[in-house]
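Below is one structure, written out as structure tokens; comments come after it.
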């Protein structure tokens, strides 16, 4: 397999459970070689396609490194004033300036490292989108010693150089994305670290000139680097130029003249030093409103759009397909995610069937619906409670320990790896097969956690009524209501009565869970289900390889959703070999924690 580097999984994840997914990794490496994802020299535009130097179609499959250079409040579970500079000010008031700097130094050092990029390559990704904060590369205009001049900071460039080296080693394209522009590019303050006490990008010519100079500097630095995939000029501008009161985010903007002018000025500055790399443009209204901006003004340009919380049908991308045809320009989904596995699978199948590459958002955060989850800690939780007004001010030393522990938790080996998310993105769009989530071998006895049902699509590995959030299309949903452990439609909650228990909750009529098991010996078995329900009337059936072996078993009314009782079903015949067990809800409103199999004498 010459098109990619081969990675030994134990070197990527020592002592990690994902090693059990080696067959999946082999599949991904194989698919990466036969699919339209080959990396070969500079990317360029060829009509409506992105191609490599051989002229081969390149379908970008990438992740955005949100939260690294630029923290957004929700990623840290900060629910108000989530701009990074506001968060930093509040940390400073807790632990002091010196310790605040130590926290941010540790955060930047730990959050994204070579092991993260190695792992992304092993999972099947071929590109990385870097959300840059301008203040790591140059001073804010208010801090410049000489007005109108630019002081360049080595920190951001060094971080980018390191990331590029890791991408190069893995034959992955790095796309530079200016996520926080000088002054901030919109009224959605968190995404750009906007500061309302200072002039925005659109209100300051000095900020615009700094942004133009920064792109010229970056382009000059990377002009001869083939593993730089493209320059994504500005992330999600959202500004009402014509009607800032009624249309503050620019979703209804018709002219967009200031945005178009800035995009053209940046393109000109890039082309003064770099005529090789693709330039990516994003529209107003969070990257989707291109009124007045097109047609393109450069022959090596790609149109980006962003997609969140809407249906995954042709209608949802029709506007971008129309633009691709009308202007003969490639399109790329530069940012999407923040939904359920069902939504991820649907979206990727839709995109790739229309030859649209993508970059998911984000690789990691404090949340379960991404490949890696940053774990919290008690001391940091105390800080969050204080900031939200639920508790008093925590002690400085304890706050410092909590912050440094949080920074350490961003390291990949300290994160929670969500293999179900990777499976939903890389396998399930192309396969309707179910795979075991864990290896369940039934010998004399075994207890299976209900949350360890098979990997696969809704309707294949499980069936749930509420699978994703389509609120932009008018259909609200939650997916996993408990927002923990897995990101499928199945509702999962933590059992507060134990140290480490999870359970499937809110089971509705018609829903089911599937478990692939290996039976060592043919015989009669007792199946014991650990159940809880605060209402009467729940019933379930057990199926083995599609055949009902226990029909409409009554679920006990236990008085509470976490008051567990065991319902045993005896004399169930199981053959030796691989079997598929399904637990089907004939009538719902109950919770399921474990399924135990015991061989009868």
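Exactly one residue out of 234, 270, 212 is in contact with a strand residue (DSSP E or B) (Cβ under 8 Å, 6 or more places away or on another chain) and assigned to a helix (DSSP H, G or I), and it is 270.
Only one of the numbered conditions (1) modelled with pLDDT of 95 or more; (2) farther than 19 Å from residue 463 by Cα is not met by residue 517, and that is (2).
Quick check, is residue 342 buried (at least 22 other Cβ atoms within 10 Å of the Cβ), more than 25 Å from residue 255 (Cβ to Cβ) and not assigned by TED's automatic domain parsing to the domain that holds residue 460? Criteria met by residue 342. Here residue 562 does not fit the description of being surrounded by fewer than 14 Cβ atoms within 10 Å (Cβ to Cβ) and under 23 Å from residue 464 (Cβ atoms). Among the conditions (1) buried (at least 22 other Cβ atoms within 10 Å of the Cβ); (2) closer than 16 Å to residue 336 by Cα, the only one that residue 367 does not satisfy is (1).
Residue check: residue 493 meets all listed conditions (1) surrounded by fewer than 20 Cβ atoms within 10 Å (Cβ to Cβ); (2) at pLDDT 95 or above but one, namely (1).
Collect the residues in segment 80-109 that are surrounded by 19 or more Cβ atoms within 10 Å (Cβ to Cβ) and either in the same structural domain as residue 348 (by TED's automatic domain parsing) or not in a helix (DSSP H, G or I) (or both), keeping them in residue-number order. Within segment 80-109, 82, 83 qualify. Of the residues examined, residue 35 is one that is modelled with pLDDT under 95 and either under 24 Å from residue 236 (Cβ atoms) or surrounded by 14 or more Cβ atoms within 10 Å (Cβ to Cβ) (or both). The numbered conditions (1) over 30 Å from residue 80 (Cα atoms); (2) in a loop (DSSP other than H, G, I, E, B); (3) touching a helix residue (DSSP H, G or I) at 6+ places or on another chain (Cβ under 9 Å) are all true for residue 392 except (1). Out of the residues in segment 242-278 that are without any contact (Cβ under 8 Å) to a residue 40 or more places away in the chain and touching a helix residue (DSSP H, G or I) at 6+ places or on another chain (Cβ under 7 Å), state the one that is surrounded by the fewest Cβ atoms within 10 Å (Cβ to Cβ). Looking at residues that are without any contact (Cβ under 8 Å) to a residue 40 or more places away in the chain and touching a helix residue (DSSP H, G or I) at 6+ places or on another chain (Cβ under 7 Å), I get 251.
The values are calculated or read from the model by the stated rules, or taken from the named source; none is laboratory data. The structure displayed is predicted, hence computed values, not measured ones. Reconstructed Cβ throughout: ideal geometry from the backbone, glycine too, with neighbour counts over all protein chains shown.
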